[in-house]
Every structure is written in structure tokens, then in C-alpha cells.
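Structure first, commentary second.
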Amino acid sequence: MYSKLIYIFIIFALFSCKPTEDEGKAVAKVYENYLYEKDIKEVLPKNISKEDSLIFVKNYINNWAKEHLLVQKAKINLHEEKEHINTLVEKYHNDLLINKYKEAVVKQELDTLVTEEDIEKFYEENKGIFKLNEALVKFRYIYFDKKINNAKEFISLFKDDSYKSNLEITKQELQLKSHNLNDSIWIKYDDVIKNASFLKSYDKSNFLKKNKFIHKEDSTSVYLVKIKDVLLRNDIAPMSYAIPTIKQMILHKRKLELLKRIEETLTEDAIKNKEFQIY
């Protein structure tokens, strides 16, 4: 009960609109470490109710105390390893500073413009690394209700596969349950199945064939599919499909080269200015 009253007192102090003489008052102590009201106020969520803040403050104080108690216990019991721990802490601190510096340099100096020429050159020089992990397909399909009046017209238009026929299908797309007439883009086989779920029951090896036409019907619907082109697993990915990956790889390569130049320049300057000497 007494401890609860203490937490309540802290809450009232934290919600006070005006700073008071008690603003710097300690609310907890572990050995020589003190936790002050202002420390809690800095982390207290905004617009929190007094009931919730009571729970928050209690948990915060307990967690703060546990952390300092564990640290103190560790210092006592790991005295022999203290030097090693300090070395690790220093290394972590140095690594953190170095990484932050590198991030700042990269942000300021890295050339992020990747041209079509850059992409083509990188692709041609590294084609072997762009082997596919899964099949790709260029395909078009329409899926409509069997009962519509112009079902035969849709079938005829789809088979024609001309700009004019595709335009006519698009004009009547409200009669379609689903469709895709853009067969110029490579799509993952798994995404094909997601877009055209009616193909799930179709044998994959039989489906993945160039220029294949599929006409499937059930009791309610008609499904028309035309496979324009297929690339199988372990085939070389087309450049158009690999562009996002190529851009990332080019930028990563530039980043490594930039950081290497900076490190070399830094070392050379330090030697020149006698800031770095080997005895």
C-alpha cells in the first residue's frame, strides 16, 4: 500500500503543469545510481491516463532498478573479465562511429544515377549470375460467366490477339470476372496462379509451354489463356526482369569502391602529415 502511494505521488508530480522545486527529486536509488522524476517524465507517453501512467511508472522504476542491480552484480562477479568487456565496448563504440561516418559519406557523395547504358553493360558482363530461381511467364487471359450473351464473341476476339481485338475486349471488360491482356511483362509462375486461380488445377509442366492456348470451361465459367513465352528455372533472366536487382548491385559496387577510395585517401593523407607512422 505504501509503495502504491509513492507511485501515485510521482504521477501527480509528473502531471503537474508548472515546474516545482521537486522536479529534480529522486524517486529511486540503486547503490549510487539515482532515478529522478524528470527522467520518467521524458519517457512518459503523451495523453496517457493517470491509471495507465501509474502502471507505466511502476514498471519503469522496477525495470530501471533491475537493470542497475544486474549491472552491479555483473561488475562484482565478472571482475576478471572487465578489461575484455571494456575492449568489446570500445570496439562497438568505434564500429558505431565508423558506420555512421560511412553512411554520411555515402549519402553525400555516392552517385545514385544508374543509366540504361550502365544497366546493359552490367547485365552483359554478368549474365551468368542472373539465373532464375523460378519459372517466368508472359501470358494473357480472360475469365467470364458462361451465361453472358456474347461468350462466343469474347472467345473469337481473344484468339485473334490483335490490338483491335484487345481494345474491343477492354471496352467490354465489365462483363469479365477477371482479365489480363498485357503479355509484354514477365511474371513469376506463382504470381500467375495468384492472378488466375483457376489455373491451380492445371499441370505445371504442361502449362509452361511457349505459345500454348488453354480453353477451359466448368459449369459456370469460361477460362481462356494464351502463353506467349516461358523461361524455366535456371534459365538466364531477361534484362527487363532483372533491372531492379541490377540497379541494387551497381549501387552496392559503387558504394564499396567509394568507401575503399576514402579509406585509401585517409591513410595516405595521415602518412603524409605524419599522423600515421609505423615503427
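Read-outs: derived from the displayed coordinates by stated rules, not from any lab. The shown structure was predicted, so the numbers you read here are calculated from the model rather than taken from an experiment. Quick reminder, even Gly has a Cβ in these numbers, built from the backbone with ideal geometry, and neighbours come from all protein chains shown.
Fewest-first ordering of Ser178, Ser197 by other beta carbons within 10 Å of each residue's beta carbon gives Ser197, Ser178. Angle check, please: helix 82-109 long axis (alpha carbons) against the longest principal axis of the chain (alpha carbons), in degrees 0 to 90, nearest 10. Once rounded, the angle reads 50 degrees. Loop-located trypsin sites (Lys or Arg not before Pro) in region 86-152 (DSSP state not H, G, I, E or B) with no more than 14 neighbouring Cβ atoms inside 10 Å: Lys146, Lys147.
Here the calculated FRET efficiency for Tyr36 and Ile76, from their Cβ-Cβ distance with R0 = 22 Å, stands at 0.30, rounded to the nearest 0.05. Counting only alpha carbon atoms, the long axis of helix 116-125 and the longest principal axis of the chain meet at about 80°. When the listed pairs Lys188/Lys212; Lys152/Lys209; Lys138/Lys204; Lys194/Lys216; Lys46/Lys66; Lys138/Lys188 are checked against a 20 Å cut-off, the alpha-carbon distance exceeds it for Lys152/Lys209; Lys46/Lys66. For the chain, the longest principal axis of the alpha carbon atoms and the long axis of helix 239-272 meet at an angle near 30°. Other residues with beta-carbon under 12 Å from the beta-carbon of Leu110 carry, at +1 per Lys or Arg and -1 per Asp or Glu, a net charge of +2. In whole percents, the pair-distance distribution calculated for the chain from its alpha-carbon pairs, binned every 5 Å from zero, is 1, 4, 8, 8, 7, 6, 6, 6, 7, 7, 8, 8, 8, 7, 6, 3, 1, 0, 0.
Toward the positive end of the charge dipole of region 54-102, with +1 on the Cβ of Lys and Arg and -1 on the Cβ of Asp and Glu, the farthest Cα among Asn62, Asn86, Ala74 is that of Asn62. Its alpha carbons give region 23-155 an Rg and a Dmax of 31.2, 87 Å. Note on the chain: GNM, Cα springs under 10 Å; of Tyr202, Tyr36, Tyr92, the largest mean-square fluctuation is that of Tyr36. For the chain, the longest piece that avoids every one of the GluC sites (Glu not before Pro) found in DSSP loops with at most 13 other C-beta atoms within 10 Å covers 135-274.
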